Amino acid sequence: MEDLEKKVAELQKELDHAKRRNKTLKNRIRRMEEETKKLVEELDTKEALESVLAEERDDVCPDCGSELMVFNFPNGKGVTKCKRMPVCKYTKPLK
Ligand SMILES: [Zn+2]
């Protein structure tokens, strides 16, 4: 009988240990999840920022950095030209 009580006590101790370990692991997993979430959000922000920057860069002449002007032709087509034309020859057809 005493042996059994001893065994139960040992098992409970093990169980407590396992529970503590489990809690630690859970906390670690939660921290990792939070970190991952933060990284993903950062990445999203970075991508959004990069796309905005790409758009802004698109409004500037890649040859000289001046502003671009859009010319719309009556046939529905258009072209983007550099404000410094004809000094700068940059021309890009509109999509
Ligand atoms: Zn230019």
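The values are calculated or read from the model by the stated rules, or taken from the named source; none is laboratory data. Given the structure is predicted, the values throughout are model-derived calculations rather than measurements. Backbone-built Cβ (ideal geometry, glycine too); neighbour counts: all protein chains shown.
When restricted to residues that are modelled with pLDDT under 85 and within 16 Å of the ligand (Cβ to nearest atom), the range 45-69 contains 4. Among the residues making up the range 56-73, a single one is surrounded by fewer than 10 Cβ atoms within 10 Å (Cβ to Cβ) and assigned to a loop (DSSP other than H, G, I, E, B): 73.
Filter the range 74-95 down to the residues that are assigned to a strand (DSSP E or B) and more than 8 Å from the ligand (Cβ to nearest atom), then identify the one that is surrounded by the most Cβ atoms within 10 Å (Cβ to Cβ). Let's see the steps before the verdict.
Initially, the range 74-95 is screened for residues assigned to a strand (DSSP E or B), giving 78-82, 91-93.
Those still in the list that are more than 8 Å from the ligand (Cβ to nearest atom) too: 78-81, 91-93.
On the way: 78: 14, 79: 13, 80: 16, 81: 18, 91: 13, 92: 15, 93: 8.
Across the range 74-95, the extreme among qualifying residues is 81.
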